[in-house]
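Step one of this worksheet: look at the structure below.
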Amino acid sequence: MKISDLVAQAQAPFYSFEFFPPKERKNWPNFFATVERLSELNPLFASVTYGAGGGTQDNTLEITSHLKNDFGLEPMAHLTCVGATEKRIRDFVARLADSGVMNVLALRGDPPKDRVIDWDNAAFRYASDLVAFARRNFPDFGIAVAGYPACHPESKTFREDREYTRKKIEAGADLVITQLFFDVREYIDFVERLRHNGVTVPVVPGVMPIQSLDSIRKVLSLCGANIPGYLYLNLEAAHLEGGVEAVKKAGVVFAVDQICRLLDAGAPGIHLYTLNRAETCLAILQAVKERGYFS
Ligand SMILES: Cc1cc2nc3c(=O)[nH]c(=O)nc-3n(C[C@H](O)[C@H](O)[C@H](O)COP(=O)(O)OP(=O)(O)OC[C@H]3O[C@@H](n4cnc5c(N)ncnc54)[C@H](O)[C@@H]3O)c2cc1C
């Protein structure tokens, strides 16, 4: 089933999960134990990331298939098109369909550092090209795209960023999932601007639990997200007092507040970046439920 239809039919705000495929096969049993624990929470859907540089692409396929067939989840496979041929994309999506996976998150991806992309002759230059191709060749698929409340790092202005997001919807996407962000006002502004541009599809905010100061620095340097000053100071203070564990706890408290504020602001649900960590996700969702949400 298309995830956009599930979202449209949802009677109340929902949560969904993002997993990433462990690189090493020996870690798969642990990974599936995490999936099993989190699947008991009945997420609306679950997405699985895709390595733009190769390596984990077949893993994405295999894992989404397991999510569907062994755990009863509605899976969404992330799919990047940077440097890909039409044949490779067609074969990959056909294999997804064969295993019962009918939803993709269509992405451009980032060029691997060791490879120069000939953009002028590339089969796909932007995610919107992939969306159009997938919509033409696989009309029954649900197609989500990425959105950037703080702007994609390559975008020069908010205006152009929102316009390119709109183009992805115009090309046939039916759902937007956002990049992580920490200031709820960025999400509200993002949705308002998209609505102003005529985009009517659901915009699901991505929420990433903060794990440590180091991991947050790394994430921020890669994806162009902003962190509010008060949050950073709070995390630093937690680190000084209690190290990584204290930062993790502060991260859970922040994620709970963020989710409640997003739902108050009218978000249809949230997409939780699980980081493959069951305990953190369980703690967050439990606390949000205790505040009367997701009941
Ligand atoms: C929810 C989410 C999940 C992700 N999952 C993965 C994953 O599994 N694997 C992975 O490798 N990466 C993943 N990414 C990261 C993503 O691949 C990068 O952010 C990448 O740099 C951009 O991908 P995109 O699909 O947003 O590209 P695009 O939408 O193509 O945008 C890329 C840039 O080009 C600009 N642009 C778009 N269209 C045009 C146009 N017509 N003319 C000129 N400029 C244009 C945009 O404004 C933007 O600056 C994810 C990101 C998000 C938000």
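Considering only residues in the range 12-36 that are within 14 Å of PHE71 (Cβ to Cβ) and among the polar types (S, T, N, Q), the one that is nearest to the chain's Cα centre (by Cα) turns out to be SER16.
Taking first residues from the range 151-162 that are in a loop (DSSP other than H, G, I, E, B) and partners that are at pLDDT 95 or above, the Cβ contacts under 7 Å between residues at least 6 apart in sequence or on separate chains come to CYS151/PHE158; CYS151/ASP161; HIS152/ASP161; SER155/ASP161.
Applying the criterion of at least 2 residues that are within 16 Å of the ligand (Cβ to nearest atom), of a type outside the set (A, V, I, L, M, F, W, C) and at pLDDT 95 or above to the helices (runs of 4 or more DSSP H) found wholly in the range 28-121 leaves 57-69. Residue check: VAL184 meets all listed conditions (1) at positive phi; (2) touching a Lys or Arg at 6+ places or on another chain (Cβ under 6 Å) but one, namely (1).
Taking the stated definitions as given, is VAL131 in a strand (DSSP E or B), within 14 Å of the ligand (Cβ to nearest atom) and more than 26 Å from TRP28 (Cα to Cα)? For VAL131, the condition - in a strand (DSSP E or B), within 14 Å of the ligand (Cβ to nearest atom) and more than 26 Å from TRP28 (Cα to Cα) - is not met.
Report yes if PRO209 is within 9 Å of the ligand (Cβ to nearest atom), in a loop (DSSP other than H, G, I, E, B) and either in contact (Cβ under 8 Å) with a residue 12 or more places away in the chain or under 20 Å from LEU61 (Cα atoms) (or both), otherwise no. No; evaluated as a whole, the condition is false for this residue.
The residue of the range 163-194 that is surrounded by the most Cβ atoms within 10 Å (Cβ to Cβ), among those that are assigned to a loop (DSSP other than H, G, I, E, B) and in contact with a strand residue (DSSP E or B) (Cβ under 7 Å, 6 or more places away or on another chain), is ALA173.
Scanning the range 2-27 for residues that are in contact with a helix residue (DSSP H, G or I) (Cβ under 6 Å, 6 or more places away or on another chain) and away from the ligand (no atom under 16 Å from the Cβ) yields a single hit, PRO13.
Residue by residue, here is whether (1) closer than 23 Å to SER16 by Cβ; (2) within 16 Å of the ligand (Cβ to nearest atom) holds:
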{"residue": "ALA225", "(1), (2)": "yes, yes"}
{"residue": "TYR230", "(1), (2)": "no, no"}
{"residue": "ALA246", "(1), (2)": "no, no"}
{"residue": "ALA250", "(1), (2)": "no, no"}
{"residue": "PHE254", "(1), (2)": "yes, no"}
{"residue": "ASP257", "(1), (2)": "yes, no"}
{"residue": "LEU263", "(1), (2)": "yes, no"}
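The values are calculated or read from the model by the stated rules, or taken from the named source; none is laboratory data. Note that this is a predicted model, so its numbers are computed, not measured. Methodologically, a virtual Cβ is constructed for each residue, glycine included, from the backbone with ideal geometry; neighbour enumeration extends over all protein chains shown.
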